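A.B. asks: Submitted below is the structure of interest, expressed as structure tokens.
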Amino acid sequence: MDAATRLTRSRSFCMAPWVHMTTYPVGDVTSCCFAPDVPLGNLRKSSLAEIWNDEPIRQLRLRMLEDSPSQQCWRCYEREAIGGYSRRLDFNQNFPHHLPFVDTTRSDGSVPRMNMAYLDFRFSNICNFTCRTCDPTTSSAWYDDATKLRGGAVPSSRILRPIQDPLDFWRQMEPLLDEVEFLYFAGGEPLITEEHYRVLLHLIKKGRTHVRLRYSTNFSTLTYQNYDVMALWRQFPDVCVQASIDGSGARGEYIRKGQIWQQVLVNRERLALLCPHVGFDMSATVLLLNALHIPDLHRECVELGLIRPEDFGINILFDPDYLRLQVLPQPLKEQLRVRYREHIENYITPLGEDAALLRERFEAVVHFLDEQDLSHKLPEFRDFNRRLDAIRGESLAEALPELRELAD
């Protein structure tokens with residue numbers, strides 16, 4: 001099977017290992033951001049160049065060429081099984097022009113040149129939020145709460161970086177910026193990360209402003225130290241900002257502690273005014289805390305003029321499993337099914353073909369809900385949430401009254 005045929009017919013083939021690697025604040029390097037639990041190596045032990053053709057990624061490439069499932073890719077398989085859009089499909093859609101590079105793969109799975117067309121490097125865990133779905137490895141702000149919640153089972157340092165010496169990481173990364181086509185910034189929180197601005201300034205200096213910029217951000221601020229990120233974005237014609245919003249008002253502020261809903265509205269207005277060319281959408285991570293609220297959130301964001309109806313993404317939470325929406329008790333699951341069916345039929349379907357993908361996203365939530373019953377995890381969720389509420393002086397019943405029974 002040639003590379004082009006694999007791209008369209010294979011259920012396991014993905015362009016990622018030929019154009020990309022993701023790095024994390026703990027030093028782990030993975031095949032993409034959907035495979036954080038199966039590292040290919042660690043930057044505290046090996047360089048990027050060494051990991052690029054080390055045994056794990058070589059075996060991954062060979063399995064993909066054989067159309068064999070890989071342990072790293074289970075999240076994509078699960079999403080596609082319920083009709084959802086996956087990172088695998090995203091890579092194959094955006095990088096088919098690199099198929100000739102796939103054909104250079106040697107018999108041992110190595111490739112002759114490091115071809116990093118897509119960079120997703122998490123420079124640190126520096127973040128100003130303590131979202132309930134997060135932890136101290138990806139948010140420095142989580143450190144104190146995690147210490148109280150878990151005792152000694154926390155990282156040795158509040159701030160984590162892939163390599164202790166940031167300059168060493170930059171020396172490995174800088175040459176890759178000469179050929180990169182697509183940059184994805186996440187965190188931590190990328191808009192309060194020094195290295196993020198260094199990358200943009202480097203690209204501007206090199207005249208490489210055609211590089212596509214994509215962001216996953218909590219959208220809490222558009223300024224950092226002496227930087228106004230919009231002054232830099234105005235020099236890049238292809239920028240898209242995806243705001244992680246799991247709820248509005250008190251609901252969102254409870255789930256994503258640190259969020260100020262009014263500030264989100266102010267930032268959106270300022271972005272539209274000063275950088276109208278920047279694409280903007282919202283992405284909600286759907287878990288048992290907000291699953292019932294997601295249709296209302298979608299409508300509210302559209303009615304406020306924050307997004308177009310189709311610019312609403314859904315990211316189904318898989319881990320930790322006690323926060324999955326499948327943990328909801330049966331009566332709430334039935335409420336969820338009814339709400340989503342009504343939202344799909346009464347709000348999304350009238351939008352026509354432009355909303356076909358949006359419809360799939362909402363349908364995927366219901367499919368996922370019905371895949372398995374994890375209501376036996378409810379005591380584990382209650383224990384976690386009760387202890388975190390006590391630490392933060394918060395109340396699930398007050399912030400999320402529709403889930404009052406989960407606080408019992």
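The values are calculated or read from the model by the stated rules, or taken from the named source; none is laboratory data. No experiment lies behind these values; they were computed from the predicted model shown. Cβ atoms come from the backbone with ideal geometry, glycine included; neighbour counts cover every protein chain shown. Calculation scope for accessible area: heavy atoms of the full protein, side chains included, ligands and nucleic acids excluded. Shrake-Rupley method; radii C 1.70, N 1.55, O 1.52, S 1.80 Å.
A.B. asks: Accessible area per residue for segment 335-395 in Å², computed with a 1.4 Å probe and the full protein assembly in place, what is it? Could the numbers behind the result be given before it?
C.D. replies: On the way: 3310 Å² over 61 residues.
Result: 54 Å² per residue.
A.B. asks: Work out the length of the dipole vector of segment 209-338 about its Cα centre, built from +1 on the beta-carbon of each Lys and Arg and -1 on the beta-carbon of each Asp and Glu, and round it to the nearest 20 debye.
C.D. replies: On the way: 13 positive and 14 negative charges, 23 e Å.
Using Cβ point charges on Lys, Arg, Asp and Glu, segment 209-338 gives about 120 debye.
A.B. asks: Which one, MET15, MET230, MET116, has the greatest fluctuation when you compute a Gaussian network model over the chain with C-alpha springs under 10 angstrom?
C.D. replies: Top of the fluctuation ranking is MET230.
A.B. asks: Something else: So how strong a dipole does the chain carry about its Cα centre when Lys and Arg Cβ are +1 and Asp and Glu Cβ are -1, to the nearest 20 debye?
C.D. replies: Values: 48 positive and 57 negative charges, 138 e Å.
Its charge dipole is roughly 660 debye.
A.B. asks: If the reach is capped at under 18 angstrom between alpha carbons, list the lysines near LYS257, excluding any in the same chain fewer than eight residues apart.
C.D. replies: Here the lysines satisfying the reach criterion relative to LYS257 are LYS148.
A.B. asks: Could I ask something else about it? For the peptides 390-401, 62-73, what is the packing order when you average, over each peptide's residues, the other Cβ atoms within 10 Å and list the highest mean first? Kindly include the intermediate steps, with their values, before the conclusion.
C.D. replies: Working: 390-401: 14.2, 62-73: 17.4.
Ranking the peptides 390-401, 62-73 by packing returns 62-73, 390-401.
A.B. asks: Could you calculate the contour length gain from ARG9 to THR349, that is, 0.36 nm times the residue separation minus the distance between their Cα atoms, to one decimal place in nm? Mind showing how you got there, number by number?
C.D. replies: Numbers: separation 340, 0.36 × 340 = 122.40 nm, distance 2.94 nm.
Contour length minus Cα-Cα distance gives 119.5 nm.
A.B. asks: Another one. What figure, in Å² to the nearest 10, do you get for the accessible area of SER110 with a 1.4 Å probe and non-protein molecules left out?
C.D. replies: Accessible area, nearest 10 Å²: 10 Å².
A.B. asks: Something else: Once both axes come from the Cα atoms, what is the angle between helix 330-343 and the longest principal axis of the chain, in degrees from 0 to 90, rounded to 10?
C.D. replies: 70
A.B. asks: Out of all DSSP beta bridges in the chain, what portion is antiparallel? Express it as a percent rounded to 5. Before the final figure, lay out the partial values.
C.D. replies: Details: 8 of 33 bridges.
Roughly 25 percent of the DSSP beta bridges within the chain come out antiparallel.
A.B. asks: Right, another one. For the chain, what relative contact order do you get, as a whole percent, if you take Cα pairs closer than 8 Å and at least 6 residues apart?
C.D. replies: The normalised contact order for the chain reaches 12 percent.
A.B. asks: Roughly how many Å is it from the Cα centre of segment 284-333 to that of segment 35-60, as a whole number?
C.D. replies: When both Cα centres are located, 34 Å separates them.
A.B. asks: Which whole-number percent is the relative contact order of segment 1-120 (Cα, under 8 Å, 6+ apart)? Can you show the working numbers first?
C.D. replies: Numbers: 155 pairs, mean separation 44.4, N = 120.
Over segment 1-120, the number comes to 37 percent.
A.B. asks: For segment 176-304, what is the percent of antiparallel DSSP beta bridges, rounded to the nearest 5? Could the numbers behind the result be given before it?
C.D. replies: Working: 2 of 16 bridges.
In segment 176-304, DSSP labels about 10 percent of beta bridges as antiparallel.
A.B. asks: Give me the percent relative contact order of segment 9-75, please, defined on Cα pairs under 8 angstrom at least 6 residues apart.
C.D. replies: Numbers: 77 pairs, mean separation 22.9, N = 67.
Relative contact order for segment 9-75 comes out at 34 percent.
A.B. asks: Moving to a separate point now. Mind checking which of VAL29, VAL266, VAL211 has the largest fluctuation in a GNM of the chain, springs on alpha carbons under 10 Å?
C.D. replies: Between VAL29, VAL266, VAL211, it is VAL266 that shows the largest mean-square fluctuation.
A.B. asks: Another question, then. Have a look at the DSSP beta bridges in segment 1-148 and tell me what percent are antiparallel, nearest 5. The partial results should precede the final answer.
C.D. replies: Values: 4 of 8 bridges.
Just about 50 percent of them are antiparallel.
A.B. asks: If you put +1 on each Lys and Arg Cβ and -1 on each Asp and Glu Cβ, how big is the dipole of segment 40-114 around its Cα centre, in Debye rounded to 20?
C.D. replies: That gives a dipole near 240 debye.
A.B. asks: Quick check: Cα centre of segment 194-231 to Cα centre of segment 127-159, how many Å?
C.D. replies: Using only Cα atoms, the two centres lie 26 Å from each other.
A.B. asks: Size of the chain along its principal axes in angstrom, Cα-based, largest extent first?
C.D. replies: The Cα atoms of the chain stretch 58, 50, 47 Å along the principal axes, largest first.
A.B. asks: Solvent-accessible area per residue for segment 127-206 at a 1.4 Å probe radius, Å²? Walk me through the numbers before you get to the answer.
C.D. replies: Values: 3400 Å² over 80 residues.
That works out to 43 Å² per residue.
A.B. asks: Let me ask you something else. Using the 2.2 N^0.38 Å rule of thumb for compact globular proteins, work out how segment 312-378 stacks up: its C-alpha Rg over that value, please. Please list the in-between numbers first.
C.D. replies: Working: Rg = 12.9 Å, N = 67, 2.2 N^0.38 = 10.9 Å.
Normalised Rg, Cα atoms only: 1.19.
A.B. asks: Related question: Using 1/(1 + (r/R0)^6) with R0 = 30 angstrom and r between the beta carbons of GLN93 and ASP319, what's the FRET efficiency to the nearest 0.05?
C.D. replies: 0.75
A.B. asks: Quick one: pull the percent of accessible area on the chain belonging to carbon and sulfur, 1.4 Å probe, ligands and nucleic acids left out. Before the final figure, lay out the partial values.
C.D. replies: Details: 8360 of 17070 Å².
C and S fraction of accessible area: 49 percent.
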